[in-house]
Structure formats: structure tokens, C-alpha cells
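Working notes for the structure below.
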Amino acid sequence: MVGEKLTQNELNMVKLPYFVKSVMIGMLLSDGYINFSTRSKNGRLGLTQSLSHSGYLYFVFNILAPYCTRYPIFNKRFRFGISLFSLVIVTRSMPCITELYNSFYVNKTKVIKPSIYNDLTPVGLAH
């Protein structure tokens with residue numbers, strides 16, 4: 001399923017299962033982020049972890065694989081003259097991710113709204 005092309009109609013029909021949505025909410029409460037590509041009006045969820053946390057990243061990838069277009073990618077960047085290595089996963093751009101964006105972002109800034117009380121689960125807290 002990773003990398004498989006989906007039509008816009010298929011992407012519009014995707015509804016996140018309770019467990020997967022809980023994982024995504026937990027990610028957004030920690031290191032996860034949602035951004036928009038230049039080619040899509042819908043958001044995509046991403047997670048970047050250092051190589052020392054690659055086990056967790058692959059654990060999350062196994063859950064989110066049906067929603068991803070590619071396998072985790074290796075990333076190398078420099079900060080303060082030091083090479084930093086990480087792995088990145090990014091989901092497809094989908095309307096259901098845009099719904100999460102609208103719940104967690106105000107003026108392009110991630111915020112925790114009082115409605116988190118309705119969405120937070122033990123699974124979300126674990127992530």
C-alpha cells in the first residue's frame with residue numbers, strides 16, 4: 001500500500017480509524033507536525049526523529065504505512081557545525097489530515113485547544 005497512487009475521490013473517502021487518529025493526536029502533542037505541500041490544498045502529517053529513536057519511528061510507521069506514499073527517508077542536516085542524522089515519515093495529503101490541522105493550528109501555530117479533552121485517549125498519551 002505504501003506508494004500506491006490514490007485518486008482524489010479515494011482520498012476524500014478516507015476516515016481515520018479511532019486507533020490511528022489517537023496515534024496521530026499523540027504525535028501532534030509531541031514532535032509531530034502538519035504542513036501543506038505546494039501541490040495540494042490538504043495537509044500531511046510528518047514526524048522527524050533522530051537515529052537514536054529510529055525504533056519508535058518505525059513503530060509509528062508500521063501503524064501509519066497505509067497513509068504514507070513512501071518509506072521513512074534518511075535526513076542529514078547541519079546545526080551549529082554539527083552533522084545531525086534523522087529519519088522522517090510523511091503521510092499523504094488528505095482531507096482527514098486537514099481536519100486535524102484545523103483542530104491543532106491557529107494562524108499556522110500549533111496550539112492545544114480545550115477540545116483536546118474530547119480527543120485525548122490513552123493511546124494518544126502513549127505517543
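The values are calculated or read from the model by the stated rules, or taken from the named source; none is laboratory data. Not measured: the values here are computed from a predicted model. Here Cβ is always computed from backbone atoms with ideal geometry, including for glycine, and neighbour counts include all displayed protein chains.
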> Checking LEU45 against (1) within 19 Å of ALA126 (Cα to Cα); (2) at pLDDT below 95; (3) in contact with a helix residue (DSSP H, G or I) (Cβ under 6 Å, 6 or more places away or on another chain), which test does it fail?
Replying inline: (2)
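Scanning the range 29-54 for residues that are among the aliphatic types (A, V, I, L, M) and under 14 Å from TYR101 (Cα atoms), which turns out nearest to the chain's Cα centre (by Cα)?
Quick first cut of the range 29-54, residues among the aliphatic types (A, V, I, L, M) only: 29, 34, 45, 47, 51.
Within this subset, residues satisfying the condition of being under 14 Å from TYR101 (Cα atoms) are 29, 34, 45.
Numbers: LEU29: 11, ILE34: 6, LEU45: 3 Å.
Ranking the candidates gives LEU45 first.
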> Do we find a residue being touching a Lys or Arg at 6+ places or on another chain (Cβ under 9 Å), touching a residue at least 24 places away in the same chain (Cβ under 8 Å) and under 20 Å from LEU100 (Cβ atoms) anywhere in the range 70-88?
Replying inline: no
> PHE36 passes all but one of (1) surrounded by fewer than 13 Cβ atoms within 10 Å (Cβ to Cβ); (2) in contact with a Gly (Cβ under 6 Å, 6 or more places away or on another chain); which number fails?
Replying inline: (1)
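Among the residues of the range 52-100 satisfying the criterion of being of a type in the set (Phe, Trp, Tyr) and out of contact with any Phe, Trp or Tyr (no Cβ under 8 Å at 6 or more places or on another chain), which is farthest from LYS5 (Cα to Cα)?
Here is the first cut: in the range 52-100, the ones of a type in the set (Phe, Trp, Tyr) are 56, 58-59, 61, 67, 71, 74, 78, 80, 85.
Filter again for out of contact with any Phe, Trp or Tyr (no Cβ under 8 Å at 6 or more places or on another chain), leaving 56, 58-59, 67, 78, 80.
On the way: TYR56: 26, TYR58: 22, PHE59: 23, TYR67: 11, PHE78: 33, PHE80: 39 Å.
Selected residue: PHE80.
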> So, in the range 86-104, of the ones that are within 24 Å of SER50 (Cβ to Cβ) and of a type in the set (Ser, Thr, Tyr), which residue ends up farthest from the chain's Cα centre (by Cα)?
Replying inline: SER86
>> Where the second residue is surrounded by fewer than 15 Cβ atoms within 10 Å (Cβ to Cβ) and of a type in the set (A, V, I, L, M) and the first is assigned to a strand (DSSP E or B) and lies in the range 97-126, which pairs have Cβ atoms under 8 Å and are six or more apart or on separate chains?
In response: TYR105/VAL111
> Which residues, taken from the range 1-13, are of a type outside the set (S, T, N, Q), over 18 Å from GLY46 (Cα atoms) and surrounded by 11 or more Cβ atoms within 10 Å (Cβ to Cβ)?
Replying inline: LEU6, GLU10, MET13
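Of ASN62, ASN107, ASN118, which residue is within 17 Å of LEU16 (Cα to Cα), more than 16 Å from the chain's Cα centre (by Cα), surrounded by fewer than 11 Cβ atoms within 10 Å (Cβ to Cβ) and not acidic (Asp, Glu)?
Values: ASN62 fails: more than 16 Å from the chain's Cα centre (by Cα); ASN107 fails: within 17 Å of LEU16 (Cα to Cα).
None of the other options fit; the residue is ASN118.
I'd like the residue in the range 87-96 that is of a type outside the set (A, V, I, L, M, F, W, C) and in a loop (DSSP other than H, G, I, E, B) and, out of all such residues, is surrounded by the most Cβ atoms within 10 Å (Cβ to Cβ).
Just the residues of the range 87-96 that are of a type outside the set (A, V, I, L, M, F, W, C), to begin with: 91-93, 95.
Subsequent filtering for residues that are in a loop (DSSP other than H, G, I, E, B) retains 92-93.
Details: ARG92: 22, SER93: 20.
Only one residue fits best here, namely ARG92.
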